[in-house]
1. Cross-link partners among lysines for residue 304, C-alpha distance below 29 Å, same-chain residues fewer than 8 apart left out?
2. Of all alpha-carbon pairs in segment 316-433, indicate the percentage at a distance above 21 angstrom.
3. To the nearest whole percent, what portion of all C-alpha pairs in the chain is separated by more than 51 angstrom?
4. Rounded, prolate or oblate: pick one for segment 616-697, where a ≥ b ≥ c are the square roots of the eigenvalues of its C-alpha gyration tensor, a/c under 1.5 means rounded, and failing that, prolate if a/b is larger than b/c, else oblate.
5. Quick check: net charge around residue 165, other residues with Cβ under 14 Å of its Cβ, Lys/Arg +1 and Asp/Glu -1?
6. What number, rounded to the nearest 500 deg cm²/dmol, is the helix-based mean residue ellipticity at 222 nm of the chain, given -39500 (n - 2.57) per DSSP H run of at least four residues and division by all its residues?
7. If you stretched the chain out fully between residue 504 and residue 268, how much longer would it get, using 0.36 nm times the residue separation minus the C-alpha to C-alpha distance?
8. On the principal axes of its Cα set, how long, how wide and how thick is segment 465-692? Give whole Å, largest value first.
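Derivation of every value follows stated rules applied to the coordinates shown; laboratory data play no part. A quick note: this is a predicted structure, and the numbers were derived from the prediction, not measured. Every residue, glycine as well, gets a Cβ built from its backbone with ideal geometry; the counts of neighbours run over all protein chains shown.
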Amino acid sequence: MALPTSPTRQLRSWSLRLLSSLALLTLTLPGVTWAATASDFVARTGPDGGLPYRLLVPAGYAPTQKYPLILFFHGADQFGTDNQKQLDHNANGALALVSDAAQAAAPVFMVAPQAPSRGGFRDGAVREQVQDILDQLVQEFPGIDVDRLYITGLSQGGAATWDYLFASPHTFAAAIPMSQGGGDTTRGATVAHLPIWVFHAANDTTVRVASSDAIVNAVRAAGGSVIFTRYAQGEHGIWPVAYARPGLREWLLSQRRGVPSTVGPRLVITAPTDGPTFTTTAASVALAGVADGGPSAVTQVTWKNGRKCGGTLTGTAAGTTAWSTAALGLQNGATHSLAVEAQSPSGSDAYGGVTTFNDVLTVTRGVDAPPTVSITGPTTAATWTTTAPTLTLSGRAADATGVCKVTWTNDRGGSGTATGATTWSANVSLQPGTNLLTVTAWDGAEQTTSDTLVVTYSAPAEQDVVFAQDFQSSFAVADHVNASAPDQGQFNDVGAEAQGGAWSITPGGRLQLARTGSSATDNDASLTRHTDLAGPPSVLHLRFSLAVSGWTASTYQSAACVLEVGRISSVLDGNTALPATDLFQALSVQGKGPGGFAFVVNGTQSASFLADGTVYVVSYLLNRSGASRSYLGLDGSSRTLDADHVALWVDGVPLFDNVPAAAGATSALSDFRLRWSQPENGTWLLDDFVVRSALPR
């Protein structure tokens with residue numbers, strides 16, 4: 001029999017050479033005695049001088065019988081090379097799984113490797129050495145049942161348990177991670193088929209219970225059935241109580257790879273089907289099933305109807321061990337995730353809390369006609385001409401089972417979700433020239449229908465434009481730069497250090513900066529206009545398009561990109577902020593993880609925006625005039641910008657409305673620059689730079 005290939009060993013075969021039964025019947029291991037205390041685990045070293053580990057072989061081992069194997073990962077404080085600490089304090093309670101009574105009832109192998117450093121078992125090289133140990137043991141002991149390999153770990157070992165499940169999702173028959181979440185919640189579907197029993201305490205201050213909440217929710221959302229014992233008390237050291245929980249060992253040993261267990265805790269949906277999916281043309285479906293709390297009584301059963309449109313509905317089922325729901329409504333053409341969850345006591349009176357366990361049924365109702373949508377304002381015609389920079393779109397949408405949302409896009413940049421559904425409206429920022437506006441209605445089956453309007457924005461001839469560049473005149477970056485005497489559409493510098501990235505003009509006529517995530521000291525890039533803008537202006541309106549994609553920014557990167565407005569006399573190093581005496585105001589882009597970013601003004605962060613290449617139109621308004629100024633908001637409303645205040649609008653929506661400029665800001669509004677210095681990967685697109693010495697009107 002062969003073990004499945006793990007991702008860390010794609011080039012290596014798991015084929016097993018079985019030693020002869022006659023030889024193994026006479027097998028002896030020096031130092032092994034047949035008991036279940038730490039001192040009776042034989043001390044061993046992995047193949048080729050690998051990891052130290054301790055091994056318990058079942059008393060009376062017979063190679064012709066089949067035995068489960070439990071792989072145990074210790075926590076961060078037990079690392080080393082003494083091959084002892086991983087079993088201290090009865091392996092922090094894990095030896096309850098191999099107590100004398102337990103072994104007499106159902107003998108198992110137990111393997112407890114010791115990680116060499118505080119990094120634990122999460123290191124790739126250490127993971128490979130653990131795999132070597134498993135390979136060696138399965139070859140040496142043909143009685144090990146490769147369909148009943150179990151994995152468990154506590155604290156950092158709990159994190160490693162999740163790592164190993166993600167890396168080798170078809171190797172283990174079941175898992176028990178404790179006091180540590182799984183980290184990567186995007187991989188819930190990878191382990192959704194596995195029996196997993198999670199333990200964590202709500203008052204754990206070492207590793208927050210939210211980490212386990214998140215991964216349990218992710219696996220359940222992917223269709224997995226997870227048991228979660230969430231103690232109310234116990235802090236980080238719940239392990240002796242958890243490993244001794246009544247029914248835990250029986251549940252574990254009942255699990256066989258690829259074969260459902262009938263041992264509780266378990267909940268099973270039996271109607272309208274006991275399978276994972278169900279398709280119907282009916283407008284509703286009622287669920288029924290059974291719940292078994294194992295040694296604990298089931299106290300309640302609840303359900304969730306996860307709909308594509310309109311949010312999630314919840315309720316309580318009738319009954320406990322045998323339960324049923326009322327008819328749950330289905331949206332025509334939609335796929336619903338119907339989740340049922342049972343609750344029982346945690347198994348510990350001292351720690352309190354609850355144990356939950358679940359099942360999921362995916363129900364699809366037959367698809368009907370897609371929605372309809374029409375633009376009725378400002379016109380029902382196909383085209384519209386305006387001299388205003390912002391347009392209010394409005395219209396109607398309809399669907400047999402409800403419109404989920406209405407979205408809009410502008411091919412010149414900008415997108416969003418309209419207000420309302422069957423009757424909707426949206427404020428759209430326009431670019432000079434032709435704008436193709438597309439409005440799309442969505443229903444519960446994610447069917448869509450769109451309507452379009454071609455809008456020509458004839459911007460009034462204004463004398464207040466002090467800088468304008470759309471990068472359409474040349475695909476050479478150098479043509480948009482003049483170091484000493486730039487015209488109204490040129491920068492003094494567009495540059496990057498050796499590790500700062502590469503500038504280019506895209507075929508679509510946008511300025512692009514591609515950065516490669518260097519943390520070197522020469523990793524900055526910048527775009528600078530230090531030749532004074534005409535005036536210099538006392539008020540300023542900077543407008544440009546921005547898109548970010550492919551980046552790995554983290555939340556701590558509070559200055560992934562910085563726009564500085566003030567007095568600049570030369571090209572400065574991008575790693576150096578503008579001195580406070582020369583800075584009127586800075587606008588920062590902060591990382592929100594790989595998928596998003598936020599704008600930051602004076603330390604206050606906006607809502608998150610998508611870092612997926614979506615183009616956003618940014619308008620930054622600054623008032624250095626010494627008096628309040630009225631202006632026309634980009635949503636068409638009347639607005640005020642007080643002296644020494646700023647406002648930030650994105651896609652016609654005010655993110656920061658009339659907020660104070662930087663403390664002590666005294667600089668003129670004569671120059672501006674954008675700079676990058678954080679070590680993130682990412683591609684930045686900039687376009688349609690227009691700087692005016694007047695506020696919108």
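1. Answer for residue 304, where 29 Å is the Cα cut-off: 405, listed by chain and number.
2. The share of Cα pairs beyond 21 Å in segment 316-433 comes to 62 percent.
3. I get 32 percent for the Cα pairs in the chain exceeding 51 Å.
4. oblate
5. Net local charge, residue 165 excluded: +2.
6. Calculated mean residue ellipticity at 222 nm is -2500 deg cm²/dmol.
7. Computed gain between residue 504 and residue 268 is 79.2 nm.
8. In descending order, the Cα extents are 44, 39, 33 Å.
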